[in-house]
Amino acid sequence: MKKHTCIICNRKFPEGQGIIIDYGGKKLEFHSSRCASKFLRILLERVPKDILKGYIDRIVDELRERREIELKTRMKRI
């Protein structure tokens, strides 16, 4: 069984658990969603806001749109 090591707390966890993200050839391994969210907070604090703002706005809009479509399809079924 393969073991991974959390990059935030250094805790070891087995394959199939935790959160593993392969991004640009770099493997980000988190043993829990709490450690993953801590990494995300650090990342958002360090990356300049003008670089990420447009991407964040688009993603939020996409997610809201998807949620509205899901609600409309649920309402039609009733």
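Read-outs: derived from the displayed coordinates by stated rules, not from any lab. Since the model is a prediction, treat every value here as computed from it, not as a measurement. Every residue, glycine as well, gets a Cβ built from its backbone with ideal geometry; the counts of neighbours run over all protein chains shown.
Couple of notes before you dig in:
- Near pairs, Cβ below 9 angstrom, 6+ apart or cross-chain, from region 30-45 (in contact (Cβ under 8 Å) with a residue 12 or more places away in the chain and more than 13 Å from Phe13 (Cα to Cα)) to any residue that is among the aromatic types (Phe, Trp, Tyr) and surrounded by 11 or more Cβ atoms within 10 Å (Cβ to Cβ): Ala36/Phe30; Lys38/Phe30; Phe39/Phe30
- In summary, strands (runs of 3 or more DSSP E) completely within the chain and bearing 1 or more residues that are surrounded by 11 or more Cβ atoms within 10 Å (Cβ to Cβ) and within 15 Å of the chain's Cα centre (by Cα) occur at 19-23, 26-30.
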